[in-house]
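Read through the structure below, which is laid out as structure tokens, and then see the notes.
The values are calculated or read from the model by the stated rules, or taken from the named source; none is laboratory data. These figures come from a predicted structure and were not determined experimentally. Glycine gets a Cβ as well: all are built from the backbone with ideal geometry, and neighbour counts include every protein chain shown. Only protein heavy atoms, including side chains, enter the accessible area calculation; ligands, DNA and RNA are left aside. Shrake-Rupley method; radii C 1.70, N 1.55, O 1.52, S 1.80 Å.
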Amino acid sequence: MLSRKSSNPLCVMSIFCAAFPWPRRMPAYSQAISDKIEDELEMTTVCHRPEGLEQLEAQTNFTKRELQVLYRGFKNECPSGVVNEETFKQIYAQFFPHGDASMYAHYLFNAFDTAQNGSVKFEDFVMALSILLRGTVHEKLRWTFNLYDINKDGYINKEEMMDIVKAIYDMMGKYTYPVLKEDAPRQHVEMFFQKMDKNKDGVVTLDEFIESCQEDDNIMRSLQLFENVM
């Protein structure tokens, strides 16, 4: 059953704030986007109409009714039917007012922007949400691997993981409990690499990533949390 809050695709994505969730209370989300952002988006972007709901229903794990509600929420935030990176960052920042979510929003936007054309349509959101909320374990982990694989070469190196983890820490802000040490991001990366880099060649492959995640009960439980978001 779709709640009013969960009908907003960007709100749902804020819940999926990281592949490996951090203990944090989600701040209250404001429904209103400034008129200035909406006006600029309308003026600079050609309006886009999504594919037929029947086609999206066949391609995703959502019902037609759920797609209708999701689309209304998406249009409320993105009247033109598409969102660019700058607007995405401004919207996403509302979910994390005590931190800087700009870099994580950048990486997340690139994961959505599969066509790499600088804009994300409703279809892009729905396909990703379908995987993250109702996909198989392998589908969810494959999508997450793609998020961490910044240069899309099929591997995750320490620099890429460090960039993502640092962006997550920046997004969390200073008001965390317990208070995080300055070198916490690097320690986090070293811990995960020690676990995931099975053959110690300095990079993590998709197979290594999936295998390591499936061996971690905390990660597997965290993936299941999103199944009842909508």
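Quick notes on this structure:
- For the range 113-147, a residue qualifies if it is assigned to a helix (DSSP H, G or I) and aliphatic (A, V, I, L, M), and the qualifying residues are VAL126, MET127, ALA128, LEU129, ILE131, LEU132, LEU133, VAL137, LEU141, LEU147.
- Checklist (1) touching a residue at least 40 places away in the same chain (Cβ under 8 Å); (2) not in a loop (DSSP other than H, G, I, E, B); (3) not hydroxyl-bearing (Ser, Thr, Tyr) applied to ILE150, failing item: (2)
- The residue that is farthest from ILE210 (Cα to Cα), among those in the range 125-142 that are open to solvent by 30 Å² or more (accessible area, probe 1.4 Å) and in contact (Cβ under 8 Å) with a residue 40 or more places away in the chain, is MET127.
- Restricting attention to the range 99-109, the residues being open to solvent by 10 Å² or more (accessible area, probe 1.4 Å) and not aromatic (Phe, Trp, Tyr) number 5.
- Candidates PHE96, PHE122, PHE112, PHE145, filtered to the one that is free of Cβ contacts under 8 Å to residues at least 40 places away in the same chain and open to solvent by less than 60 Å² (accessible area, probe 1.4 Å): PHE112
- Taken together, the residues in the range 63-83 that are part of a loop (DSSP other than H, G, I, E, B) and more than 15 Å from SER119 (Cβ to Cβ) amount to 1.
- Subset of the range 191-201 (residues that are open to solvent by 40 Å² or more (accessible area, probe 1.4 Å) and either free of Cβ contacts under 8 Å to residues at least 12 places away in the same chain or closer than 11 Å to ILE156 by Cα (or both)): MET191, GLN194, ASN199, LYS200, ASP201
- Any hit, the range 177-189, residues being touching a strand residue (DSSP E or B) at 6+ places or on another chain (Cβ under 6 Å) and surrounded by 18 or more Cβ atoms within 10 Å (Cβ to Cβ): no
- Within the range 34-90, the only residue that satisfies the criterion of being at pLDDT 85 or above, hydrophobic (A, V, I, L, M, F, W, C), more than 13 Å from PHE125 (Cα to Cα) and surrounded by 11 or more Cβ atoms within 10 Å (Cβ to Cβ) is VAL69.
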